[in-house]
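This report refers to the structure that appears directly beneath it.
The values are calculated or read from the model by the stated rules, or taken from the named source; none is laboratory data. This is a predicted model, so every value here is computed, not measured. Using ideal geometry, Cβ is built from the backbone for each residue, glycine included, and neighbour counts are taken over all protein chains shown. Calculation scope for accessible area: heavy atoms of the full protein, side chains included, ligands and nucleic acids excluded. Shrake-Rupley method; radii C 1.70, N 1.55, O 1.52, S 1.80 Å.
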Amino acid sequence: MTTVDTARLREPSKEELLESYRVMRTIREFEDRLHVEFATGEIPGFVHLYAGEEAIAAGVCAHLNEDDYIASTHRGHGHCIAKGCDVKAMMKEIYGKKDGLCHGKGGSMHIADLDKGMLGANGIVGGGPPLVCGVGLSAKVRGTKQVGVAFTGDGGSNQGTFLESLNLAAVWNLPCVFVVENNGYAESTSTNFSTRGIDIAKRADGFGMPGVVVDGHDFFAVYEAAGEAIRRAREGGGPSLIECKVNRYYGHFEGDAQTYRAPNEVENIRRERDCLDMFARRVTDAGLIERSELEQIDEEVRALIDEAVEEAKAAPEPGQADLLSDVYVSY
Amino acid sequence: MRRITFMQAINEALAQEMERDPTVVVFGEDNAGGAGAPGEDDAWGGVMGVTKGLYHSFPGRVLDTPISESAFIGAAAGAACSGLRPVAELMFVDFMGVCFDQIFNQAAKFRYMFGGKARTPMVIRTMYGAGIRAAGQHSQSLYPIFTHIPGLKVAIPSSPYDAKGLMIQAIRDDDPVIFFENKVLYAVEGEVPEESYTVPFGEANFVREGDDVTIVAIGRMVSFAEQAAEELAGDGIECEILDPRTTSPLDEESIYESVENTGRLVVVDESNPRCSLASDIAALVAQNCFEDLKAAPKMVTAPHTPPPFSPTLEDAYVPDPERIAAAAREVVEGAGARA
Ligand SMILES: Cc1ncc(C[n+]2csc(CCOP(=O)(O)OP(=O)(O)O)c2C)c(N)n1
Ligand SMILES: [Mg+2]
């Protein structure tokens, strides 16, 4: 494992910090609102919320350009928002509406926007990492400076596709970054059980690539590690693995009673390690940003999510012809 | 008789076989749940709760797995060859994509390739079907792919009674069995004997008798066919409904026998239409009952698209009683019928 070479990294500007805060707040508000709306029974299907893990998506995507690619997971809303997907179109998608980002055909687990470099949330655990190897290959062959980032859970890191992708990316020296979001659980199963207590980042050693562990609640820790890995990838230095240790605020999916968790487990984390609180404290203590500037963002985001939900509920359903369209480009 | 749900019927079958035979083991992701976690043991009993309670009743024989389907589905095949009768869970059949080699190149081939020397008594329990708004990667009905593979047996229960009897048969069977559970059927109740019993493979169930048209329906589609038949009976059209219960082996004889009597066939299959159970059964009937047919066989299936997410679209995707009734009417009195 290597340490982050901070000397080569630029500090984020005030504008960039405000933007990252807005991303994190948008994700939080989006997810908290879905938690409430899901309980009314109006949202179809499975919904996996990203609340608590916002610093990872924001800290990684802050370094990505629009033409860089990410591949996400079933817990994908945060990645989508951080990569620039339209929040209102996402909400419509989650409600299964015609003007949703995937025209109501994908839903929460499959939100994608290729124009934004968002290769899709994914219903298949471990589905994303191989795709990101392909993105890396494409960038390399076409001689662009694009980078691909795969987000995977701790559970997903036990999938053959993940481990094969690490090796392939190393062997082909691809501009890829593998980000493991270790939130301690895969459904109800603890990471302690499924990975025998080692840091997942250690697996990088076995494939000859740098691997680091960072605090996934800490935007600045993620930002630094991701900056280094993405820079290395862009400059032809090959793939890296970043393990972010983090926590999930809600159940595996909405409706999960979570009897496998300790009492107060989430309350304690929310109180002590909330990524938004930590961010706000740090930037205000350092005198970089005024509290009121953050509050203004909070307000704007709240209004945006209110509108998104309202519009999604009122939006038209897909029509019967939509059932048969878009199976092929041509046939 | 006592009534229990489809889910309870499967749970009871597993428990009774585990009680009877110490070589039966159960594993899969979160089959107990809560492994290594600070809270409750057996927290989930599987994502839908099908295996709930087995963990405490059978210590050491209900195992949680990492998310590594290739490894643990393959381990079921290896364990089956070496003294166990594993029941492994592939949570959603859509996940066959990450472990299919272990199923079709490994487990399915041993018996034949090794000159009859191997026995692979394993069961893969797996969920299939649309209806819960789970979209393209959690809603497919992929049993035709497994039915296509020589060496695999495929069971698709449509009722709690069959679920229990077919599961016990599957566990006792010496070949690899893929056991398809329609996720929408879990809550359905029906009469189920408390004692252990088997439903033999390759024996169709005559769900309803009638002389005008044979409807072959599978899994969840059986109850839809019954609703259609009820409606048609009001108009004097008598449907005979056959539930094959296993698609491999397939009870061809019963299907032919029925078609010889009715002269008309509708096959209802929740999977996509090309190379489906519907196309397979329609082709078999066309080939073997040509003389008896008074109309071309009709297939009622999902369209040739992935399962959509939006409830509006998903409801249009899954065959329903109206479409089944329309197809039956057409073979009986419509353009499809010969004079
Ligand atoms: C191939 C495959 N296996 C199993 C599942 C079912 N499943 C969905 S999410 C999940 C847990 C994933 O855990 P992790 O990778 O840690 O991500 P998290 O949910 O914690 O974000 C499982 C087992 C699936 N969707 N795909
Ligand atoms: Mg996890």
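Of the residues B:60, B:83, B:78, only one is assigned to a helix (DSSP H, G or I) and either over 19 Å from residue B:169 (Cβ atoms) or basic (Lys, Arg) (or both); which?
Every option except B:78 fails the conditions.
(1) at the interface with chain B (Cβ under 10 Å from one of its Cβ atoms); (2) more than 16 Å from ligand 2 (Cβ to nearest atom); (3) acidic (Asp, Glu): which one isn't true of residue A:86, the others all being true?
It fails just one condition, (1).
Going by what's in this entry, would residue B:262 be described as among the hydroxyl-bearing types (Ser, Thr, Tyr), more than 23 Å from residue B:130 (Cβ to Cβ), touching a helix residue (DSSP H, G or I) at 6+ places or on another chain (Cβ under 9 Å) and not assigned by TED's automatic domain parsing to the domain that holds residue B:167?
Against the criterion (among the hydroxyl-bearing types (Ser, Thr, Tyr), more than 23 Å from residue B:130 (Cβ to Cβ), touching a helix residue (DSSP H, G or I) at 6+ places or on another chain (Cβ under 9 Å) and not assigned by TED's automatic domain parsing to the domain that holds residue B:167), residue B:262 qualifies.
Which ranges mark the helices (runs of 4 or more DSSP H) fully within the range A:40-134 that have 1 or more residues being open to solvent by 40 Å² or more (accessible area, probe 1.4 Å)?
By residue number, A:87-94.
Scan the range B:25-50 for residues that are at the interface with chain A (Cβ under 7 Å from one of its Cβ atoms) and farther than 28 Å from residue B:120 by Cα and jot them down.
The answer is B:34, B:35, B:36, B:37, B:38, B:39, B:40, B:43, B:44.
Hey, any hits in the range B:48-71 for a residue that's among the acidic types (Asp, Glu), surrounded by 22 or more Cβ atoms within 10 Å (Cβ to Cβ) and in contact (Cβ under 8 Å) with a residue 24 or more places away in the chain?
Yes: the range B:48-71 contains one or more residues that are among the acidic types (Asp, Glu), surrounded by 22 or more Cβ atoms within 10 Å (Cβ to Cβ) and in contact (Cβ under 8 Å) with a residue 24 or more places away in the chain.
Residue A:156 - would you say it is within 12 Å of ligand 2 (Cβ to nearest atom) and either at pLDDT below 95 or in contact with a helix residue (DSSP H, G or I) (Cβ under 9 Å, 6 or more places away or on another chain) (or both)?
Numbers: within 12 Å of ligand 2 (Cβ to nearest atom): yes; either at pLDDT below 95 or in contact with a helix residue (DSSP H, G or I) (Cβ under 9 Å, 6 or more places away or on another chain) (or both): yes.
The answer is yes for residue A:156.
Considering only the range A:142-153, I want to know if a residue exists there that is assigned to a helix (DSSP H, G or I), buried (at least 19 other Cβ atoms within 10 Å of the Cβ), within 16 Å of ligand 1 (Cβ to nearest atom) and polar (S, T, N, Q).
no
Output the residue which, of all residues in the range A:186-211 that are open to solvent by less than 20 Å² (accessible area, probe 1.4 Å) and either in a strand (DSSP E or B) or among the aliphatic types (A, V, I, L, M) (or both), is nearest to the other protein chains (Cβ to nearest Cβ).
Result: A:190.
Can you go through A:288, A:304, A:241, A:276 and tell me which one is within 16 Å of ligand 1 (Cβ to nearest atom), away from chain B (no Cβ under 14 Å), surrounded by 14 or more Cβ atoms within 10 Å (Cβ to Cβ) and touching a residue at least 24 places away in the same chain (Cβ under 8 Å)?
Answer to the check: A:241.
In the range B:96-150, how many are polar (S, T, N, Q) and in a loop (DSSP other than H, G, I, E, B)?
Of the residues in that region, 5 qualify.
What number of residues in the range A:251-281 are in contact with a helix residue (DSSP H, G or I) (Cβ under 7 Å, 6 or more places away or on another chain), assigned to a helix (DSSP H, G or I) and not small (Gly, Ala, Ser)?
Result for the range A:251-281: 3.
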